[in-house]
1. Quick test of the membrane-span-like rule: which DSSP H helices of the chain reach at least 20 Å along their long axis (C-alpha atoms) with mean Kyte hydropathy at least 0.0?
2. For Val123, Val173, Val218, Val23, what ranking results if the residue with the fewest other Cβ atoms within 10 Å of its Cβ goes first?
3. Picking from Glu110, Glu52, Glu100, which is most flexible by a Gaussian network model of the chain using Cα springs under 10 Å?
4. Run through the DSSP bridge list for the chain and note the antiparallel percent, rounded to the nearest 5.
5. Using a Gaussian network model of the chain with C-alpha springs under 10 Å, which one of Leu219, Leu198, Leu89 is most mobile by mean-square fluctuation?
6. Taking the chain as a Gaussian network, Cα atoms linked when under 10 Å apart, which of Pro151, Pro184, Pro213 shows the biggest mean-square fluctuation?
7. How big is the gap, in Å, between the Cα center of the range 49-71 and the Cα center of the range 2-37?
8. Based only on other Cβ atoms within 10 Å, what is the fewest-to-most ordering of Thr94, Thr67?
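All of the numbers you see were taken from the coordinates with simple rules; none came from a lab. Please read these numbers as outputs of a predicted model, since none were measured by experiment. All Cβ positions, glycine included, derive from the backbone under ideal geometry; neighbour counts span all protein chains shown.
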Amino acid sequence: MPPIASDALVLKTSKLGETSKLVILLTRERGKVRAVAKGARGTRSRYQSALEPLSEVRVGLYGRQGTELFRLGQCDLVRSAFPAGGRGLETSLTLSYFAELLDAFAQEGEAEDAVYRLAIAVVRAAEEGRDIVALARYLEAWLLRLAGLYPQLDRCAACGNALPSGPLAYHHVTHGFVCASCGPASGPVLQKPVREFLREVFATAPSAVTTPPEAARVLESFHQNLIRRHLERDLRSYRVMHDVARGTA
Ligand SMILES: [Zn+2]
């Protein structure tokens, strides 16, 4: 049987047996897949650096229709994940968080071209040295929106009327932003620069966002609450990133 050929982004690898690796890939053709890379831990492994998290690869996958675990055949490196060794701790930790976030949101066995294109665009923008905090908020906002979980920015979640320009007041009961007459809202209230940042996020490519990163910092806890509500857990890499940021602040 010929392999399934696909572009893919490596999300995670872990040891399997004595010499192999279990690889989680975000593929263009099949969404998230798990595959066994036989011999990947040997010194003469055919895969070498192609299996670093966030590397872009071209893979051949073997497995029957409906299988939960593929065998990885060919794996050609298309674009190496961050060859620049000089990236700082914050960037490294944030990139681990990106990989875990994508792993948590991507669906297995379903092609999600929008998620794939989003992932590639954000990783490449990070490589170009774009602000990593703004990129984190960008990725979170879009993954939540593509999963149907981001509140509407221009309509009241309670009455459906257009929201006036200005701050956005979140109300957890309606899981959305509400107008003054449907309030009082539980909060948080997102001020105008934050709203402007979100408008930009949903209108432009990650490399084109120009809002100052302060607005992105404000969104961190708001997004984490939305993510936690959906996943019903904290992401490990987020906790590590958060603890390190607090410790070094
Ligand atoms: Zn209303």
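1. Working: long enough: 89-105 (24 Å, 0.79); 113-127 (21 Å, 0.84); 132-146 (21 Å, 1.23); 213-231 (26 Å, -0.52).
In the chain, the long hydrophobic H runs are 89-105, 113-127, 132-146.
2. By the 10 Å Cβ count, ascending, the order reads Val173, Val218, Val123, Val23.
3. Glu110
4. On the way: 34 of 37 bridges.
Around 90 percent of the beta bridges assigned by DSSP in the chain are antiparallel ones.
5. In the Gaussian network model the winner is Leu89.
6. It is Pro184.
7. About 3 Å separates the Cα centre of the range 49-71 from the one of the range 2-37.
8. Details: Thr94 21, Thr67 14.
Result, fewest neighbours first: Thr67, Thr94.
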